[in-house]
Amino acid sequence: MLLVTGGAGFIGSNFVLGQAERGIVNLDALTYAGNPTNLETLKNQSLHHFVHGSINDESLVNQLFEQHKPSAIVHFAAESHVDRSIKTPRDFMETNVLGTFTLLEAARHYWGKLEGAEKQNFRFLHVSTDEVYGSLSPSDPAFRETTPYAPNSPYSASKAASDHLVRAYFHTYGLPVLTTNCSNNYGPYQFPEKLIPLILHNALNDKPLPIYGDGQQVRDWLYVTDHCDAIATVLEKGELGEVYNIGGNNELANIDVVHHICALLDELRPRATGNYADLITYVTDRPGHDRRYAIDASKMKNQLGWSPRETFETGMRKTVEWYLNNSAWVEGVTSGTYREWIEGQYD
Ligand code: NAD
Ligand code: TYD
């Protein structure tokens with residue numbers, strides 16, 4: 001039995017769908033980013049227990065530990081969008097920092113009472129981001145697990161704080177923790193506030209494709225199910241207290257990512273007139289915009305035998321096809337509150 005937090009979000013729901021043969025208690029507050037329809041195929045699956053609630057609700061979290069006696073917790077729940085963290089940072093401190101603290105406390109009390117193999121096998125896996133390491137210049141080596149933390153946005157600062165808490169619970173209490181720091185994910189069920197689904201959504205609605213600043217910021221991109229496989233691998237084989245960097249070996253400038261999407265759409269769903277790239281529009285840059293992220297995932301490969309299966313080309317083709325075939329899902333999530341966010345952010 002796994003306790004998964006944030007399992008109705010983008011990565012969490014991909015993880016839960018991929019682990020459907022396991023017993024899962026899925027705790028999710030269903031914020032704007034959480035979507036129960038992602039889990040529609042598990043509706044009649046007795047192994048999946050969905051609980052609508054917050055990781056900040058101490059008594060609920062304690063109760064879930066006592067009731068379901070999970071062998072591990074996989075912690076995805078977070079506020080995850082950098083632009084929102086610039087506008088409403090408090091939400092990020094509450095969920096990412098205090099929520100993680102609440103989970104750690106509950107796990108510590110629960111684990112403290114376990115005995116024998118149950119105690120030995122328990123794991124707290126904390127899902128984090130490469131953004132905690134800050135920004136690289138073009139010639140810097142990629143982030144390693146030993147790279148000093150230098151978060152630059154309220155989002156990355158809150159994730160960095162949560163990583164530090166997880167580390168402290170290992171060193172102080174011996175809680176059996178694992179931390180993963182992953183690069184930018186893309187794939188099915190990603191909310192269209194993030195670059196790739198936003199560009200797809202705008203392109204298909206003949207709207208401008210907004211590029212922040214000069215579009216030369218570099219991210220490493222990983223197809224979401226590769227991230228989920230990496231998490232399952234760390235859960236199974238990771239060494240207690242260790243940190244694992246996860247990445248796709250796909251460093252690309254934003255403008256190149258957008259051109260790649262446009263070319264795929266030109267092939268799969270041509271516009272009536274012109275190419276999708278005609279919609280590209282440069283807009284005001286994000287404040288404090290990190291220039292480059294890059295991940296050295298050699299520890300995952302050498303110690304745990306994990307490497308990504310998808311290249312950027314294969315993963316992007318699957319992603320574009322998924323969005324083209326799931327327009328009802330996209331319509332469902334681009335409701336009133338979505339439109340308010342887009343108007344506030346881009347107008
Ligand atoms: P997401 O925003 O799509 O989903 C977050 C989920 O958490 C939603 O279902 C939301 O309802 C839930 N949630 C938010 N606050 C909650 C609370 N207080 N209690 C319970 N549930 C709550 O995020 P994502 O992109 O799937 O990211 C998942 C995790 O992976 C995050 O911790 C994020 O920092 C990390 N991560 C994301 C990426 C990426 O590219 N998306 C990359 C590396 C790491
Ligand atoms: P995003 O998907 O928000 O992920 P993150 O900020 O966590 O890396 O953004 C990815 C990159 O794309 C980032 O450099 C910001 C840029 N970007 C744009 O240029 N335009 C947009 O409309 C968005 C949402 C992002």
Contour minus Cα-Cα span, Q303 to A272, at 0.36 nm per residue, comes to 6.1 nm
Counting only protein heavy atoms with a 1.4 Å probe and every protein chain in place, the carbon and sulfur fraction of the accessible surface of the range 38-187 in whole percent equals 52
The range 1-108: relative contact order from alpha carbon pairs under 8 Å, six or more residues apart, as a whole percent, is 31
If the chain between E66 and Y149 were fully extended at 0.36 nm per residue, the gain over the current Cα-Cα distance would be 26.4 nm
If each part is reduced to its alpha-carbon centroid, the range 165-234 and the range 293-344 end up apart, in Å, by 7
Stretched fully, the stretch from R108 through T284 gains (0.36 nm per residue minus C-alpha distance, one decimal, in nm) 58.8 nm
Membrane-span-like helices (DSSP H runs, Cα span along own axis at least 24 Å, mean Kyte-Doolittle at least -1.0) in the chain -> 154-173
Under the 7 Å Cα-to-Cβ spin-label approximation, E242 and S335 lie apart by a distance in nanometres of 4.3
Given a 1.4 Å probe, the accessible area of the chain per residue, as a whole number of Å², is 43
Across the chain, qualifying lysine pairs (alpha carbons under 18 Å, at least 8 places apart or different chains) come out at 10
Per-residue accessible area, 1.4 Å probe, largest first, puts K69, K194 in the order K69, K194
One finds the C-alpha centres of the range 253-274 and the range 3-23 to be spaced, in Å, by 31
Expected field for L264, accessible surface area in Å² at 1.4 Å probe radius, rounded to 10, holds 10
Of 299-308, 244-253, ordering from highest average Cβ density within 10 Å down gives 244-253, 299-308
The relative contact order of the chain, taking Cα pairs under 8 Å that sit 6 or more residues apart, comes to a percentage of 17
Mean separation of Cα contacts under 8 Å (at least 6 apart) over the residue count of the range 234-347, i.e. the relative contact order in percent, is 36
Amide H neighbours of L3 at under 5 Å, excluding residues fewer than 5 places away on the same chain, with H built from the backbone geometry, are V25, S71, A72, I73, V74
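The values are calculated or read from the model by the stated rules, or taken from the named source; none is laboratory data. Since we're looking at a predicted model, the values are computed, not measured. Using ideal geometry, Cβ is built from the backbone for each residue, glycine included, and neighbour counts are taken over all protein chains shown. For the accessible areas, the whole protein counts, side chains as well, though only heavy atoms, and no ligand, DNA or RNA atoms are used. Shrake-Rupley method; radii C 1.70, N 1.55, O 1.52, S 1.80 Å.
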